[in-house]
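Quick notes on the structure that follows.
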């Protein structure tokens with residue numbers, strides 16, 4: 001067992017986990033909301049240290065990250081557990097379970113993962129699949145080992161993490177995709193079991209650190225697709241992060257405990273239009289080739305990056321700028 005970080009002893013037989021905003025109080029033999037942190041003899045342990053359910057090489061666009069090493073492959077790893085309980089969870093078999101002792105779990109060291117990541121060019125590593133916050137200690141050790149080997153790391157996250165643990169990740173994780181699930185707290189409470197404010201706080205903290213930030217928004221019919229509320233979110237993103245903020249609008253399909261019809265393409269098209277009034281880089285997701293996911297220069301309209309499924313071609317960017325009008329493009333390009 002590996003001792004967890006970020007907890008306080010409240011009394012004999014009771015600790016408070018301080019990693020995420022749930023601030024779970026955990027008694028002997030009990031687990032937190034994440035299902036992978038338990039208390040024994042007044043010590044909080046993480047069950048997820050060194051344990052991975054998935055290790056795979058993916059296109060970086062699949063994370064999705066579009067403005068950070070586009071067209072590259074990225075070593076992607078995940079463990080089990082999650083600190084939210086989304087009714088529409090897309091990876092419930094590894095996120096909404098305890099699962100540490102299942103046959104699908106394998107043991108690794110930080111050194112092994114870091115070395116594996118160096119085999120690709122450029123050397124990239126993503127913490128993804130389940131919520132990386134819940135295997136925080138292992139993620140931090142891997143990321144520290146990886147950057148010493150020249151590997152750049154990305155975290156694909158729900159953003160539900162306290163400020164101090166996030167602050168300590170920012171020097172060793174270069175890119176983030178944060179899943180902003182809605183722009184009202186009632187949705188967060190009823191659909192995810194969390195709350196909105198900590199996620200907005202994480203977005204601010206990441207952006208202010210200078211790390212690369214992209215945001216994903218899964219559009220669920222009847223739950224978070226109201227155009228007026230969506231418009232308020234877009235206005236907030238533009239005022240807070242600027243027009244260059246990258247936003248992914250993803251199509252929902254029924255999954256886990258939520259049986260709502262798939263998002264109509266017309267809804268995605270409508271919300272794309274609202275978002276594009278305020279933001280320069282808005283992309284549809286999970287729509288196949290039915291909608292344009294290319295990157296265009298916001299000034300002259302020049303095609304910069306072409307995307308067909310996960311086949312990506314950089315066509316019009318030179319030294320991080322449009323090669324026609326020299327407009328600087330937000331991101332990091334090979």
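What's the percent breakdown of Cα-Cα distances in segment 284-334 across 5 Å bins, shortest bin first?
Going from the shortest bin to the longest, the percentages are 5, 23, 28, 21, 15, 7, 1.
Give me the percent relative contact order of segment 218-309, please, defined on Cα pairs under 8 angstrom at least 6 residues apart. Present the calculation step by step, with values, prior to reporting the outcome.
On the way: 127 pairs, mean separation 25.3, N = 92.
Taking the mean separation of contacting Cα pairs over the length of segment 218-309, I get 28 percent.
Express in nm, to one decimal, how much length is gained between residue 164 and residue 11 on full extension, taking 0.36 nm for each residue of separation and deducting their alpha carbon distance.
52.8 nm
Separation of segment 213-281 and segment 114-160 by C-alpha centroid, Å?
Answer, in whole Å: 27.
Can you give me the Cα centroid spacing of segment 174-210 and segment 282-334 in angstrom?
A separation of 26 Å, based on Cα centres.
Nearest 5 is fine: what % of DSSP beta bridges in the chain come out antiparallel, could you say?
Once the DSSP bridges in the chain are tallied, antiparallel ones form about 50 percent.
Give me the number: length gained by fully extending residue 303 to residue 204, i.e. 0.36 nm times residue separation minus the C-alpha to C-alpha distance, one decimal in nm.
32.6 nm
Given contacts defined as C-alpha pairs under 8 Å and at least six residues apart, what's the relative contact order of the chain, whole-number percent?
It rounds to 13 percent for the chain.
Can you tell me the order of 44-57, 64-77 when each peptide is scored by its average per-residue count of other Cβ atoms within 10 angstrom, highest first?
64-77, 44-57
Please list the equivalent ellipsoid semi-axes of the chain, computed as the square roots of five times the alpha-carbon gyration tensor eigenvalues, in descending order and whole angstrom.
Sorted largest first and rounded, they come to 33, 24, 18 Å.
When the helix-only estimate is applied to the chain (DSSP H runs of n ≥ 4, each -39,500 (n - 2.57), divided by the residue count), what is the mean residue ellipticity at 222 nm, nearest 500 deg cm²/dmol?
Result for the chain: -6500 deg cm²/dmol, rounded to the nearest 500.
Sequence gap at least 6, Cα distance under 8 Å: using those rules, report the relative contact order of segment 24-112 to the nearest whole percent. Numbers along the way, then the final one.
Working: 133 pairs, mean separation 25.1, N = 89.
Averaging sequence separation for qualifying contacts and normalising by length gives 28 percent for segment 24-112.
Can you pull the three principal axis extents for the Cα set of segment 204-283, in Å, largest first?
Its Cα atoms span 38, 26, 18 Å along the three principal axes.
How much length, in nm to one decimal, is gained on full extension between residue 324 and residue 23, taken as 0.36 nm per residue of separation minus their Cα-Cα distance?
Net length gain for the segment: 103.2 nm.
In nm, to one decimal, how far is the residue 291 label point from the residue 228 one, both placed 7 Å along Cα→Cβ?
2.3
Convex hull volume of the Cα atoms in segment 2-46, per residue, in Å³? Can you show the working numbers first?
Values: hull volume 2.4 nm³, N = 45.
Taking the convex hull of the Cα positions in segment 2-46, it is 54 Å³ per residue.
Of the listed peptides 317-323, 1-7, what is their order by residue-averaged count of other C-beta atoms within 10 Å, with the highest listed first?
Listed from highest to lowest mean packing, they are 1-7, 317-323.
The numbers here are math on the coordinates, done by the rules we state, and not lab data. Just so it is clear, the model here is predicted, and its values are computed rather than measured. Virtual Cβ from ideal backbone geometry, glycine too; neighbours counted across all protein chains shown.
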